[in-house]
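The block underneath contains the structure these notes are about, expressed in structure tokens.
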Amino acid sequence: MLTVRRDPLFGVPGQVVVLTGLAVTVGLGPAGWAAGLACALVTCAALTRGLNLRGVRRLGPADAVTLTRAVLVGGVAALVADSFFRLVPVGVVVGLSIVALVLDAVDGQVARRTGTVSELGARFDMETDAFLIMVLSAYVARSAGAWVLALGAMRYAYVAASWALPWLRLRLPPRYWRKVVAATVGIVLVAAAALPGPAATVALVVALALLVESFGRDVVWQWRARRGRASPPPTWSRAQMSRHK
């Protein structure tokens, strides 16, 4: 088992490096700096709290990969925030997003191969994916229409609903389809950012339909579990625990 660990504070200087690189190469305004630094600070605070709640001092090796993804997503968020005030290079937004999506297939493999699967790591992976989708949906919505924001807002609407409906917090059984849907939505959003047009709109509609189906299936399962009609889920692995966004 690999015993190397990472401190969540590592993400803050990493984010500064990415933002500085963007500022030097393509430019970065105040909105971009504010958004990027806010992402780094929120990520660090959330990870530190999660580690403390679980009595762990440092992140595992797979979590270090996810932290790298989170830093890249912070760069995407910075550029998207800047795009509301000036033109930003689409190629850089797309490039950073593609690298973040590729690394999404890496952290789970690292966790399994090093025997460092954890619930915190799976949750971190999930939230990073969800935030990237939200940021990209905000970027694409400017060309495809405000309805695209539903892709990014769905995960957060689900969480908000769970505050009022506790049964939505019931533990879900593993389902690989969630991960497939999340990856598909991310890829479609990146493609729509790079090549907007009628074909991209159709793909976005399909992605939204997949997301509604995936969330809807889970909500139905949780409703049935609330009424004692569903079996409790088995133990989850890191790959299985990554739910849809």
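Coordinate-derived values only; no laboratory data. Computed from a predicted structure; not experimentally measured. Backbone-built Cβ (ideal geometry, glycine too); neighbour counts: all protein chains shown.
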Sequence of Leu103, Leu41 once ranked by neighbouring C-beta atoms within 10 Å, starting from the fewest: Leu41, Leu103
Euclidean distance between Cα centres, the range 1-66 to the range 183-197, Å: 25 Å
Ranked packing of 172-183, 131-142, 50-61, most packed first, by mean Cβ within 10 Å: 131-142, 172-183, 50-61
Most fluctuating residue given options Gly27, Gly228, Gly75, as computed from a GNM of the chain linking Cα atoms under 10 Å: Gly228
Between the range 90-106 and the range 134-155, the Cα center-to-center distance that results, in Å: 17 Å
Percent RCO, i.e. relative contact order, over the chain, from Cα pairs under 8 Å lying at least 6 residues apart: 21 percent
Most fluctuating residue given options Leu208, Leu72, Leu165, as computed from a GNM of the chain linking Cα atoms under 10 Å: Leu165
Kyte-Doolittle mean at least 0.5 and Cα axial length at least 30 Å: DSSP H helices in the chain: 30-53, 61-83, 90-114, 119-144, 198-226
Residue of Asp218, Asp129, Asp107 that the Gaussian network model of the chain assigns the largest fluctuation, springs spanning Cα pairs under 10 Å: Asp218
